[in-house]
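Working notes, structure below.
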Amino acid sequence: MTTMQKLLQLPVNAVNIVKSVQGVAQGQEEALSPVLTPDSGPQNWYSAVQPEELRHLRSGGTGGGGGSGGGEGSEDRPGLEEGLTSVQSQPLRHDDLKEMLDSNKDSLKLEAMKRIVAMIARGKNASDLFPAVVKNVACKNIEVKKLVYVYLVRYAEEQQDLALLSISTFQRGLKDPNQLIRASALRVLSSIRVTIIVPIMMLAIKEAASDMSPYVRKTAAHAIPKLHSLDPEQKDQLIEVIEKLLADKTTLVAGSVVMAFEEVCPDRIDLIHKNYRKLCNLLIDVEEWGQVVIINMLTRYARTQFLNPNINESLLEESSEKAFYASDDEEDEDKKAEAAALAKRKPYVMDPDHRLLLRNTKPLLQSRNAAGMFEPYLKSFYIRSTDPTQIKILKLEVLTNLANETNISTILREFQTYIKSMDKDFVAASIQAIGRCATNIGEVRDTCLNGLVQLLSNRDELVVAESVVVIKKLLQMQPEQHSDIIKHMAKLIDNIQVPMARASILWLIGEYCEHVPKIAPDVLRKMAKTFTNEEDIVKLQIINLAAKLCAQVRCLSGIKLLRLLRIKFLCFLLFSVFQTKLLTQYVLNLAKYDQNYDIRDRARFIRQLIVPTDKSGALNKYAKKLFLALKPAPVLESPFKDRDHFQLGSLSHLLNAKAAGYQELPDWPESAPDPSVRNVEIPEWSKCTSRKDRKEKKVEKPFYSDSEGESGPTESADSVEPSPASAPVTPVNFLSNSLVSDLEGLSLTDTILAPTTIAPSGSIRMYELLHRITGEGLAVEYCFSRQPFSPDPNMVAVQIQFTNNTTSETKNLHIEDPRLQSGMRIREFAEIDMLAAGESITVVMGIDFCDSTQAANFQLCTHTRKFFVSIQPPVGELMTPAFLTENDFKKEQGKLMGMNEISEKLTLGAKCVNEHVIVERVTATANLSRVPCGSDKECRFAGKTVSSGCLVLVTVATKEGGGAQLTVNCEKMVIGTMLVKDILQALSQ
């Protein structure tokens, strides 16, 4: 085999055909090696052949020299097809893709579209394929049609003339039964930027706004800003569509329509009034992008509709500042003025709607156990040498925020390697990050201090200087324990030349001079020699050091000196006092004639305080209290902290600088606008025509609040929510209203003889809460009893078993310091006074997990010890059985379609041989009840979440050959996704 054949890995006969067609001699083999296409992509062996020659090859005709006749070409065609198959995964030329798109086989069209979309994803230009692709928009194959629309969305704006030729096909796509096709057709239509089709686009948007699918309505909201930018004169009609979509109650639409509102008519606050409460309640369930958009809009709304909640606090702060700087004579007058101002100002009462916004946004703005969430991905934030400096600093910020007691050692080791970097700004930021970790986690403060002190011997002056600044802040927290570090830093004063570092060392020595009484005067002596050559910031600290030493010396007069007579260092002490006074006079005289007026003013001020004269006032006796007063320890804060003056989520907030186009938040109103504009008339359910309709309307409460009214035609079938807490809660009766409707769902098969609720076989699974070794002989286990928790039906009952494995009794077993995520609640069990040796006891506690699998953390306490423990529920234990008939099941399932339905195919395990095993495994995985079913190939289960009461419907449809289809319908998509995963695992075993 030749070198070319080894390189291309093709059959010999295929290579011979190419040779015969092109007439390539043996010396020209390099011409047949892979070449690069114009866009620098690898090309197939047959891509080097001209199109006419490729067609000749496929037809099996003769051609060219080389002595190969037609018969030989025909015989070798199977080998050529084999070669084509072997390189099928490689990119094709556009001519070949066009031929595949013109083919009558859907498989070839699908393969071509996949390759074209892959080219677009890699950033390659595929616009010349537009005519060939757009012809397939009417293809009956749904997969091909989806990919065609993906392509058209990308290139419709560039190829407007060709796209207009298929406008009728796009209009037919708006009526397609598949919601993805309808949405894609609308997306392509809105991407054609031609004013002549504005009426068609407007009609399409209006129809899509009333579509049954929330995904199509979401796409309609996305198309509104596009049409507005194309033809601003359509604003009034678009506002009507926005008003209709704002009344939509689905979370999928909320973020998109608010974005359209912000783009088209942000000043029409009146459109938000009636939807304000609904948007606040939907906020927690909207996707992240929509949450940012809605929060920005609601923030502007709140600044125009509610009073400033900080107005009374600002008044108190102003008055306190005046009292601090005012003299004794003016204090009484200020108090009277303050009382008069407070009397004029009405007491602030927060509007309930304002409180609603704050309550619903607070969980989004708080950390949700970020360290635990990102713990598996900690290494993803490690810094790479190729990262830009700004990215490195941002990653440092993330690592610092994720640091906790468990991973701090790993993070500190990582920080140590960063200090060796050549990027000076990054090195400085790394040292500051070490300081912030030491501040936040007290257990590693000494370790960080020792590490920073070791950096003081580094050859890099920047590393030493930054370490000094951070050490200074850390030492302020516990100075008495680190006098050795202060002495060590004093010895470095001659070697460190960075002004900020020298100033920090001098401040430390002066602030804690009583801990280094022998070293501080000597440092002052050295600094007095170089005073005139120092930077201004260092000169100020030299003056401060002299003043603090003099203030300390003056306190050693009178009785204190008499007490020191017995000390053998009295002579040395007296000499140091005398020397310090002379040095202070010398430094003050130098500062008196300094060029900087700040230094001259500081010298005059300090001279009057520490050198008493006849003209000096009464302040000189308070010198020590002024200079050596106790100062609060500093907080090492992130450089990203001071961003509260920019709106959350804006570019200015990200950059911490005002960017072009940033809109300032409006000022608070002086008087609150009328709050009744947010009230909506209660719908008259009594207008229903029949008794049955009235009963159904009674069950279907308004979405979130009684004052929100109906949503009109945009109300979606999958927007069923429980009634608000303010209204009396009526339990939904899922049983039919008549015996006839009940009998409709029954079947005369053996399945109806099974009990409605099937308990899982075997004992309930026990989880370990506290191991007996960790608990020093106390072992604690828990399980989910699946019984209602009588004190609060919205809580999951957790059964806890204590076992005392020690030889002594354990007393006062109770729970302390629960650390729960936002919205979660816990009801503790009664304290166990005593648990005798070798005995066990079982108690029950309730936990409201708020329909999430977040762990409930708390302390388990005895009379001698405290243990940190956590209870994390499987998703199946967050449910309680719901009893439905077959008709009710189908009705509720019809309301939970689209995004609320998750379906997966699976292969049943070897032990899932009959229906009984399937039912047993599903009910063991989730606390669901069996629903009667007329088909013996389907198993249906129903339940509802304990906290919010959202329905959870599960269907397992078995197929021949051991296959099955699992379908879960649930309004909470996260719950549904996790439940599908658990049931799949249970049925596949």
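The values are calculated or read from the model by the stated rules, or taken from the named source; none is laboratory data. Everything numeric here is computed off the predicted structure, so don't read it as measured data. Here the Cβ is made from the backbone with ideal geometry for all residues, glycine too, and neighbour counts use every protein chain on show. Heavy atoms of the whole protein, side chains included, go into the accessibility calculation; ligands, DNA and RNA do not. Shrake-Rupley method; radii C 1.70, N 1.55, O 1.52, S 1.80 Å.
The table below lists the values:
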| read-out | value |
| --- | --- |
| Boolean, Lys487 is of a type outside the set (Ser, Thr, Tyr), open to solvent by 40 Å² or more (accessible area, probe 1.4 Å) and in contact (Cβ under 8 Å) with a residue 40 or more places away in the chain | no |
| Considering residues of the range 846-875 that are among the small types (Gly, Ala, Ser) and touching a strand residue (DSSP E or B) at 6+ places or on another chain (Cβ under 9 Å) only, the residue nearest to Pro818 (Cα to Cα) | Ala856 |
| Strands (runs of 3 or more DSSP E) fully within the range 813-884 counting 3 or more residues that are touching a residue at least 60 places away in the same chain (Cβ under 8 Å) | 866-871, 879-881 |
| Extreme residue, farthest from Ser191 (Cα to Cα), among residues of the range 124-157 that are open to solvent by less than 50 Å² (accessible area, probe 1.4 Å) and either of a type in the set (D, E, K, R) or touching a Gly at 6+ places or on another chain (Cβ under 7 Å) (or both) | Lys124 |
| Residue count, the range 158-195 (criterion: in a helix (DSSP H, G or I) and open to solvent by 60 Å² or more (accessible area, probe 1.4 Å)) | 7 |
| Pair list, Cβ under 9 Å, 6 or more apart: the range 200-218 residue in the same structural domain as Arg172 (by the TED database) and over 12 Å from Ala185 (Cβ atoms), other residue open to solvent by 50 Å² or more (accessible area, probe 1.4 Å) and of a type in the set (Asp, Glu) | Lys206/Glu240 |
| Residues of the range 768-790 classified as closer than 19 Å to Met879 by Cβ and without any contact (Cβ under 8 Å) to a residue 60 or more places away in the chain, total | 5 |
| Given (1) at pLDDT 85 or above; (2) under 25 Å from the mean Cα position of the chain (by Cα); (3) surrounded by fewer than 16 Cβ atoms within 10 Å (Cβ to Cβ); (4) of a type in the set (D, E, K, R), index of the condition Glu397 fails | (3) |
| Check on Ile205, of a type in the set (Val, Ile, Thr) and either under 29 Å from Leu108 (Cα atoms) or open to solvent by 30 Å² or more (accessible area, probe 1.4 Å) (or both) | no |
| Boolean, Arg268 is assigned to a loop (DSSP other than H, G, I, E, B), open to solvent by 40 Å² or more (accessible area, probe 1.4 Å) and within 20 Å of Val292 (Cα to Cα) | yes |
| Failed item, numbered, when Ser103 is tested on (1) under 21 Å from Ser191 (Cβ atoms); (2) assigned to a loop (DSSP other than H, G, I, E, B); (3) small (Gly, Ala, Ser) | (1) |
| Pair list, Cβ under 9 Å, 6 or more apart: the range 580-601 residue over 19 Å from Ala551 (Cβ atoms), other residue surrounded by fewer than 17 Cβ atoms within 10 Å (Cβ to Cβ) and β-branched (Val, Ile, Thr) | Leu590/Thr532; Asp594/Thr532 |
| Qualifying residue in the range 560-578 (condition: within 26 Å of Val498 (Cα to Cα) and either open to solvent by less than 30 Å² (accessible area, probe 1.4 Å) or modelled with pLDDT of 85 or more (or both)) | no |
| Residue in the range 460-482 that is part of a loop (DSSP other than H, G, I, E, B) and modelled with pLDDT of 80 or more present | no |
| Index of the failed condition, Phe883 passing every other in (1) under 32 Å from the mean Cα position of the chain (by Cα); (2) open to solvent by 60 Å² or more (accessible area, probe 1.4 Å); (3) of a type in the set (Phe, Trp, Tyr) | (1) |
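Okay, residues lined up against (1) touching a helix residue (DSSP H, G or I) at 6+ places or on another chain (Cβ under 7 Å); (2) closer than 30 Å to Ile826 by Cβ; (3) free of Cβ contacts under 8 Å to residues at least 12 places away in the same chain:
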{"site": "Cys933", "(1), (2), (3)": "yes, no, no"}
{"site": "Thr955", "(1), (2), (3)": "no, no, no"}
{"site": "Gly962", "(1), (2), (3)": "no, no, no"}
{"site": "Lys972", "(1), (2), (3)": "no, yes, no"}
{"site": "Thr977", "(1), (2), (3)": "no, yes, no"}
